[in-house]
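One structure is given below, encoded as structure tokens.
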Amino acid sequence: MSTLLYALGRWSYRHSWRVLVAWLLLLGIAGAGAVTLGQGTDNSFSIPGTESQAGIEQLARTFPQASGTSAQMIVVTADDAPIGQSPYDSAIADSIADLEDLDGILAVTDPFSEIVNGQVSKGGDAAIVRMQFDGQSTDVPPATKTALQDAAAELREALPTGSVVELGGDLFAISVPGVTITEAVGLLIALLVLIVTFRSFVVAGLPLLTAIIGVGLSIALIFLSTAFASISSTTPLLALMLGLAVGIDYALFIVARHQDQVRDGMDPEESAARATGTAGSAVVFAGVTVLIALIGLSFAGIPFLTTMGIAAAAAVAIAVLVALTLTPAMLGFLKGRVAGWPKRPRKKKAQTTPRRGFAERWVGLITKHPVVTTVSVVLTLGIMAIPAASLALALPNAGMLPQDNEARQSYDLVAEEFGPGFNGPIILTGTIVTSTDPVGLMSDLADDVESLPGVETVALATPNETADTGIVQLVPTTAPDDPATAELVRELRDQHDRWLDDFGIDVTVTGFTAVAIDISDQLGAALLPFGIFVVGLSLVLLTIVFRSIAVPIKAALGYLLSVAAAFGVVAAVFELGWLADLLHVTRTGPIISFMPIVLMGVLFGLAMDYEVFLVSRMREDYVHARRTGATRAESRAIALGAVKSGFTSSARVVTAAALIMFAVFVAFVPEGDASLKPIALGLAVGIVIDAFLVRMTLTPAVMALLGDRAWWLPKWLDRVVPHFDIEGEAVQRELALTDWPEPGSTAAVVAADLSVSAGDVHLVDGVGLRVEKGGALIVTAKDARGPRALLLALAGRAPLVGRARVGGHLLPGREAWVRAHVAVALLDGSAQPVRDLRRALAGAPRILVIDGLDALTPAAVHDQAAAALRDAASATPGMSLVVACAHPDAARALLADAGWPDAPVLDVTVTTRAHPASSLDSIPPRPTAVPTTEVHA
């Protein structure tokens, strides 16, 4: 990975204009597509497989007048005048007649009709006019909404002064969020942090510029996708929030590494390539963790949330790609002008001891008192998490809108005049085709429903026009987002069997309120499996990265503390009302249903970012110190020193990244959309808690307590776990071996101290060889497994230990490049060896490895193989061969006939000894009992 990114960074640096134009072209194409093809966002919520969704689908088929979205208009008289008398009754009747003619309205309920109940307040001074539409809220034409508002205005003018007419209901319950000036303030704060971090205005602008280009492309693609998929209005804002945050941070990590290297005197082009290969590797890992966590939102099985996760994941993926390509390209424009202005020199003092920086003093204090620090942080976060116990979930409704919104005013007015339950009626529906008295049956069912606790009234109970389906519309005593309403829905469903026995109706509970409750319940049920997935994923990924057991467990527990504390702060603000006025929280109560799962997913990825950038430097310093020959007795002191040096080296970048993340997220809180406010606040608080309390306080304290035990990994697990080069060690190795075996080497294949294993057993050990361009080498052994394993390793198809350069590419590390230039022909045991040889030669490889060349000994086969090799050599001058066989004389004769005379023979020794114990100290030395054999061809 790091070598690939190293090459990508160098190419991007050299071709700055190409990279910039390519990204701008993509942005322009996506933007044009979004403008011409975009269909707008869709705020309708569905949840397949639930009873409420099945009920809505049934009503759409049999009772369309009750299946779509609804709206309501509340009328309150002036001076408590009777609503049923003139001029109110006639004006309302005229308004209802006008509403029935509007496009998309299927039915309008007259509050004075004898078939409806409860639409006139108990005080007689207010009435509700309900309207049923064809389809969901997004299907209602904008002209119809405008006409509704005009009709309400006309009714308001027709009534006496002091009368109130307000529109509300499901149709107006969800607002379309937008970007406000506070988001720009967040970007300004991020810019100030970058200026302080880089000490350069130009360099500080790079992460912002690349992040804006990336997030612009992401948003354009999301709106373009509305032509093919249903996307909620919250999705683009979530992608914007995440894309900006991670886009700035990922570019920050690369630019900070580049700036440090240039200040140390490194060539800018080489520095950009190394920064992309080293810090870029960590960016890829961090991005992958965020991607997996966001895609994991599909655990809930809710389409709109799955779409939201995929869209946000796409924004993060684009941010990673932009950071890895556009960032080094922009550095190519700056060349060496990235050092920034120098620090002001301090006045010399009498003492010679240099003043320690804040990071050094902070980590010194923490590691000096690790127990006190650990207990203090855990207790603090535990106390902050206490309000999370009261966290209640609900979908957004009009009651969460700003108080100056007409739908919010209607919501509050209905609750005041009629009761909170009138804002969220519940629908019962069922098939009544077998009934001989459908009207009487629905009346009996309505009486039974009205007797249940929690039911305020039954507003409507009627069969449809064909008398095959009936509905009961009931009004609960509590608000739609009240937990008691959810309990009422569950109680109604518990009556299913009784109603089936008593009335013969297979009753389904549905309606917007029931759908919202089902979504909240399903999201709540998904939290535990999603949490197990996220924590399990963190354990696996961090074990791969850090080769440790303790570090992943510590990181996962720290993440859980951060999430719990963030939940507690959100609950304290949005449910208990702490600082609600300061943060412009319009109404306290349940939190939007998908906040916990989104917060857990996003915070997981960001927390792993800080863990990787902080702890990887500690591990790197520890490993390097141990390799200098330290004894076991000094291990704890070395581990403690690595904690301090690693923290000091990475604290500046992690602090800047966390502050930028906080600024971007918190900017969406004061004036943000009601649905996004809790998510934004939770992420902002979670970032601060995780970065400063967990990663930069708790982590060094726990690492100091663990000492060198922090880096313990069982030997069997060390062999099983794959290696992820998070610190760019492959890049450092390539740079160190740039001139190996000698400057300007022309060898096609060269290896030294090469070992190849199968499972837990070494097959070949301590092998050295060299094949020049156009040359050939024959490898033989008594055990055929050894030569074949050696050839596969040289071809990039099997792991090896040691060093090898094949086709100019270093192994291990460049297996992908080697596989592209080396062809393999496995002829031993082949039924048609000549055919397999020709297939291997079909791609005109520069290097060919052949196992079992002595399978071509029959005369006719010998001649065909020699001819194929001769033709290949003519087509690809300088082609080199490495051959394995049991009979070297036969192989040498065939190669001579094909034009490769005097091929030397390498006789390798196949061992059966087990792997030596691995450790972090160093690569184990090769045993002296197996001599190194080097053969030149």
Query raised in the report: Would it be correct to say that Ala555 is outside any loop (DSSP other than H, G, I, E, B), over 17 Å from Pro714 (Cβ atoms) and of a type in the set (A, V, I, L, M, F, W, C)?
Result: yes
Query raised in the report: Does His584 qualify as being more than 22 Å from the chain's Cα centre (by Cα), within 26 Å of Leu539 (Cα to Cα) and modelled with pLDDT under 80?
Result: no
Report summary line: Selection over the range 406-443 where residues are part of a helix (DSSP H, G or I) and closer than 18 Å to Ala514 by Cβ yields a count of 4
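Inspect the range 60-74 for any residue being in a helix (DSSP H, G or I) and touching a helix residue (DSSP H, G or I) at 6+ places or on another chain (Cβ under 9 Å) and give the result as yes or no.
The answer is yes, given that some residue of the range 60-74 is in a helix (DSSP H, G or I) and touching a helix residue (DSSP H, G or I) at 6+ places or on another chain (Cβ under 9 Å).
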Requested in this report: Could you tell me whether the range 554-574 includes any residue that is over 23 Å from Pro387 (Cα atoms) and in contact with a helix residue (DSSP H, G or I) (Cβ under 6 Å, 6 or more places away or on another chain)?
Outcome: yes
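Name the residue that is surrounded by the fewest Cβ atoms within 10 Å (Cβ to Cβ), counting only residues in the range 444-460 that are in a loop (DSSP other than H, G, I, E, B) and of a type in the set (Gly, Ala, Ser). Working first, answer last.
If we filter the range 444-460 for residues that are in a loop (DSSP other than H, G, I, E, B), which is where we start, we get 451-454.
Of the ones still in play, those that are also of a type in the set (Gly, Ala, Ser) are 451, 454.
On the way: Ser451: 9, Gly454: 17.
Only one residue tops the list, namely Ser451.
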Report task. Any chance you could count how many residues in the range 378-405 are surrounded by 20 or more Cβ atoms within 10 Å (Cβ to Cβ) and part of a loop (DSSP other than H, G, I, E, B)? Result -> 5
Query raised in the report: If you go through the range 513-547 one residue at a time, how many are in contact with a helix residue (DSSP H, G or I) (Cβ under 6 Å, 6 or more places away or on another chain) and free of Cβ contacts under 8 Å to residues at least 24 places away in the same chain?
Result: 1
Query raised in the report: Considering the range 445-488 alone, what residues qualify as being out of contact with any helix residue (DSSP H, G or I) (no Cβ under 7 Å at 6 or more places or on another chain) and either hydrophobic (A, V, I, L, M, F, W, C) or on the phi > 0 side of the Ramachandran plot (or both)?
Result: Ala446, Val449, Ala459, Leu460, Ala484, Leu488
Query raised in the report: Out of the range 538-555, which residues are under 26 Å from Thr306 (Cα atoms) and surrounded by fewer than 18 Cβ atoms within 10 Å (Cβ to Cβ)?
Result: Leu539, Val540
Report task. For the range 819-826, state whether one or more residues are over 26 Å from Arg719 (Cβ atoms), free of Cβ contacts under 8 Å to residues at least 24 places away in the same chain and not in a helix (DSSP H, G or I). Result -> no
Query raised in the report: Just one of Asp897, Asp851 is surrounded by fewer than 20 Cβ atoms within 10 Å (Cβ to Cβ) and not basic (Lys, Arg); which is it?
Result: Asp897
Query - Given (1) touching a Pro at 6+ places or on another chain (Cβ under 7 Å); (2) β-branched (Val, Ile, Thr); (3) under 24 Å from Gly524 (Cα atoms), index of the condition Val489 fails - result: (1)
**Report entry** Within the range 362-377, considering residues that are buried (at least 17 other Cβ atoms within 10 Å of the Cβ) and not β-branched (Val, Ile, Thr), the one farthest from Ala564 (Cα to Cα)
**Finding:** Trp362
Query raised in the report: (1) closer than 30 Å to Pro590 by Cβ; (2) of a type outside the set (Ser, Thr, Tyr); (3) part of a loop (DSSP other than H, G, I, E, B): which one isn't true of Glu491, the others all being true?
Result: (3)
Query raised in the report: Checking Val883 against (1) of a type in the set (A, V, I, L, M); (2) modelled with pLDDT under 85; (3) in contact with a strand residue (DSSP E or B) (Cβ under 9 Å, 6 or more places away or on another chain), which test does it fail?
Result: (2)
Query raised in the report: Consider Glu450 against the criteria (1) closer than 30 Å to Asp150 by Cβ; (2) assigned by TED's automatic domain parsing to the domain that holds Leu148; (3) of a type outside the set (Lys, Arg): it satisfies all of them except one. Which criterion is unmet?
Result: (1)
**Report entry** Sole exception among (1) buried (at least 22 other Cβ atoms within 10 Å of the Cβ); (2) farther than 28 Å from Leu192 by Cα for Gly247, by number
**Finding:** (2)
Report task. Mind counting the residues in the range 528-550 that are in contact with a Ser or Thr (Cβ under 8 Å, 6 or more places away or on another chain) and either modelled with pLDDT of 85 or more or outside any helix (DSSP H, G or I) (or both)? Result -> 1
Report summary line: For strands (runs of 3 or more DSSP E) lying entirely in the range 702-815, having 3 or more residues that are at pLDDT below 85 and over 30 Å from Phe285 (Cα atoms) picks out 761-772
Query raised in the report: Residue check, Gly829 against (1) surrounded by fewer than 22 Cβ atoms within 10 Å (Cβ to Cβ); (2) modelled with pLDDT of 85 or more, all met but one. Which one?
Result: (2)
Report summary line: Restricting attention to the range 126-150, the residues that are of a type outside the set (S, T, N, Q) and crowded, with 20+ Cβ neighbours inside 10 Å number exactly 9
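Would you confirm whether or not the range 263-283 contains a residue that is within 18 Å of Ala315 (Cβ to Cβ) and either part of a helix (DSSP H, G or I) or of a type outside the set (Asp, Glu) (or both)?
Checked the range 263-283: at least one residue is within 18 Å of Ala315 (Cβ to Cβ) and either part of a helix (DSSP H, G or I) or of a type outside the set (Asp, Glu) (or both).
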Query raised in the report: For Leu155, are the conditions met, namely being more than 30 Å from Val439 (Cα to Cα), in a helix (DSSP H, G or I) and touching a residue at least 12 places away in the same chain (Cβ under 8 Å)?
Result: yes
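The values are calculated or read from the model by the stated rules, or taken from the named source; none is laboratory data. None of the values given here were measured: they were computed from a predicted structure. Note that we place each Cβ from the backbone using ideal geometry, even for glycine, and neighbour counts take in every protein chain shown.
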